[in-house]
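Asker: Take this structure, written in structure tokens, and hold onto it; I'll ask about it next.
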2 protein chains.
Amino acid sequence: MVETAKPEDPPRDAASGDERYGLREGEVAAALPEEFDASLYYIGRIRTPWKRREECPKNGRESDAVCAVELDPRWAEGLSGLETVSHVLLLYWMDQARRDLLVQSPRHYAEKRGTFALRSPARPNPIAASVARLVRIEGNTLSVIGLDCLDNTPLLDIKPYFASTDSVPDAQVGWHAGRTR
Amino acid sequence: MVETAKPEDPPRDAASGDERYGLREGEVAAALPEEFDASLYYIGRIRTPWKRREECPKNGRESDAVCAVELDPRWAEGLSGLETVSHVLLLYWMDQARRDLLVQSPRHYAEKRGTFALRSPARPNPIAASVARLVRIEGNTLSVIGLDCLDNTPLLDIKPYFASTDSVPDAQVGWHAGRTR
């Protein structure tokens, strides 16, 4: 419990620029496996107004900034039909995050919790999943609202967001429920 | 337009057992990059009742089957606190899917569309994102409802699902809107 609680801060999937700190009190790290199992392509970059982690909004719903999702031209033909969706699910790679943390004390929470109960960027596979509103598509660039990540974050995937399977309005996160947003 | 439309079939993120077919009429493939940019650990396996792709439900909401998310013991401590959530966002690796398709004619749609307008497993980084209801956690195994993937699918991540940022009940997918479910 070395951090002061800031209960107004909701969790975030932001790419982190300063995640390679040492362990805080109560944090636990795993020994990482000796080999990887699969590999990723960066298919583009996400351009945002935020150059340092401290500048990022606390989560994607806290900012109305229009961000640019720049898909590499190699993949541009894959956007066909996406102009008909209102929201996209973006996967991106939080390349600054450490991958061995099992129990974490995020700066904005007093308690420590398991990595899989958090949306912290530090996780075995630092893939963020964020829902964003699609404003427009021009060429191979999407303009979206609802991201909180650092400028130049590597893009992994763009998916159409289906309310029928992706939206659960009454979902609960018990440990977070008592907090003010 | 080589496929018969089956408009009752919604899109799915299923891992595919037979995805290495040749191109269908109208499909377009990209030249894949020569190098990968990042690497993944398989952190567990998803056990489901479905051994072949044809057996999988059409999407996760179509089945009440309880599936087991088996986290490798190495990461088990990371589950602390997850028992308080009602729903999880699971990321998993569709290791049978081809990665070069830009325009696809899924079996259950008449029209061809860009990869990023579809939830097809075939995409540059074949990562599926599925929301599942958490039934219980015992040791390092989660019991969940709402998956549609093949048995033994590699697990990449477990995240708590936050309605505040992940749920958009009125999101629209225009190209899919006229279909019957």
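The values are calculated or read from the model by the stated rules, or taken from the named source; none is laboratory data. Every value quoted in this text rests on a predicted model; they were computed, and no experiment measured them. Note that we place each Cβ from the backbone using ideal geometry, even for glycine, and neighbour counts take in every protein chain shown. Only protein heavy atoms, including side chains, enter the accessible area calculation; ligands, DNA and RNA are left aside. Shrake-Rupley method; radii C 1.70, N 1.55, O 1.52, S 1.80 Å.
Asker: For residues that are out of contact with any helix residue (DSSP H, G or I) (no Cβ under 9 Å at 6 or more places or on another chain) and crowded, with 21+ Cβ neighbours inside 10 Å, tally how many sit in segment A:68-89.
Answerer: 1
Asker: Now, a different point. Would you call A:Ala65 touching a Pro at 6+ places or on another chain (Cβ under 6 Å) and surrounded by fewer than 19 Cβ atoms within 10 Å (Cβ to Cβ)?
Answerer: Judged against the criteria, A:Ala65 is a match.
Asker: Hey, can you tell me all the residues within segment B:123-181 that are aromatic (Phe, Trp, Tyr), open to solvent by less than 20 Å² (accessible area, probe 1.4 Å) and in contact (Cβ under 8 Å) with a residue 40 or more places away in the chain?
Answerer: Listed by number, the list holds a single entry, B:Tyr161.
Asker: Sticking with this structure for a sec: If A:His108 meets every condition in (1) open to solvent by less than 10 Å² (accessible area, probe 1.4 Å); (2) in contact (Cβ under 8 Å) with a residue 12 or more places away in the chain apart from one, which number is that one?
Answerer: (1)
Asker: Which residue out of A:Ser105, A:Ser143, A:Ser120 is hydroxyl-bearing (Ser, Thr, Tyr) and within 16 Å of A:Arg45 (Cα to Cα)?
Answerer: Among A:Ser105, A:Ser143, A:Ser120, only A:Ser143 is hydroxyl-bearing (Ser, Thr, Tyr) and within 16 Å of A:Arg45 (Cα to Cα).
Asker: Next question. Can you name every one of the strands (runs of 3 or more DSSP E) wholly within segment B:63-174 that holds 1 or more residues which are at the interface with chain A (Cβ under 7 Å from one of its Cβ atoms) and under 18 Å from A:Val131 (Cα atoms)?
Answerer: Qualifying strands (runs of 3 or more DSSP E): B:87-93, B:127-138, B:153-160.
Asker: So which of A:Thr84, A:Thr4, A:Thr48 is at pLDDT below 85 and among the β-branched types (Val, Ile, Thr)?
Answerer: A:Thr4
Asker: Of the conditions (1) modelled with pLDDT of 95 or more; (2) assigned to a loop (DSSP other than H, G, I, E, B); (3) open to solvent by 50 Å² or more (accessible area, probe 1.4 Å), B:Pro33 satisfies every one except a single condition; which number is it?
Answerer: (3)
Asker: Could you go through segment A:38-51 and let me know if any residue there is more than 27 Å from B:Ala163 (Cα to Cα), open to solvent by 80 Å² or more (accessible area, probe 1.4 Å), more than 10 Å from every other protein chain (Cβ to nearest Cβ) and touching a residue at least 24 places away in the same chain (Cβ under 8 Å).
Answerer: yes
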